[in-house]
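Beneath this line is the structure, given in structure tokens, with notes to follow.
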Amino acid sequence: APDLNAPYTRRGGGDVEDVAKVEELVEERADAKARRDYAAADAIRDQLNAMGISVDDRSREWRVADAPYARARGDSASVDVATVEALVAERSSAKIAGEYDTADAIRDRLRTEFGVSVDDRVKEWVVDGRPAAAPAAPAPAVHVRQRVRDRAAPPR
């Protein structure tokens, strides 16, 4: 469970005209919810939404709702940023178009060639260096008669 006293943190990219104002409103909303003043909390949420800000109370994060994918804050690993950003944008477009096989292939390429993970929930990418998980090997084919014979065999 998240620490309900922890401050909200920003995730993702996008431009914000007044970050301090957004942070102030997010905290005011959290205070209103803690006081069970849900009408005030909802009014602040609506104000944030009008500013293009989305708040996730469970993870205690806020982000620019329609922002493109961005590199995670604090990630300074060496990588070809221009190529990664182009691939992440291409993957996003493929997902929007419903071309999930293409999006998955780009995700796998980002992982294997660049060590990059993409977090679609917060629209961030990070170089974490983990290789892609190898696809699971298919189970060996067993003839139906073999399965029937195995079930019928007495225990040893």
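The values are calculated or read from the model by the stated rules, or taken from the named source; none is laboratory data. Remember, it's a predicted structure, so these values are computed and weren't measured experimentally. All Cβ positions, glycine included, derive from the backbone under ideal geometry; neighbour counts span all protein chains shown. To get the accessible areas, we keep the full protein, side chains included, count just its heavy atoms, and leave off ligands, DNA and RNA. Shrake-Rupley method; radii C 1.70, N 1.55, O 1.52, S 1.80 Å.
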Practice task
For segment 1-42, enumerate the residues that are open to solvent by less than 50 Å² (accessible area, probe 1.4 Å), in a loop (DSSP other than H, G, I, E, B) and within 10 Å of ARG60 (Cβ to Cβ).
Solution key: ALA6, TYR8
Problem - Matching residues, segment 44-71, being open to solvent by 60 Å² or more (accessible area, probe 1.4 Å) and in a helix (DSSP H, G or I) - result: ARG45, ASP46, GLN47, ASN49, ALA50
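Would you check if there is a residue in segment 133-155 being farther than 24 Å from ASP66 by Cα and either modelled with pLDDT of 95 or more or surrounded by 13 or more Cβ atoms within 10 Å (Cβ to Cβ) (or both)?
Within segment 133-155, not a single residue is farther than 24 Å from ASP66 by Cα and either modelled with pLDDT of 95 or more or surrounded by 13 or more Cβ atoms within 10 Å (Cβ to Cβ) (or both).
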Exercise for the section: Taking TYR38 as the residue in question, decide whether it is more than 21 Å from the chain's Cα centre (by Cα) and among the aromatic types (Phe, Trp, Tyr). Expected result: yes
Handout entry: Neighbours by Cβ (under 7 Å, 6+ apart or cross-chain): first from segment 1-25, farther than 23 Å from ASP42 by Cβ; second at pLDDT 80 or above and open to solvent by 60 Å² or more (accessible area, probe 1.4 Å)
Key = GLY13/PRO68
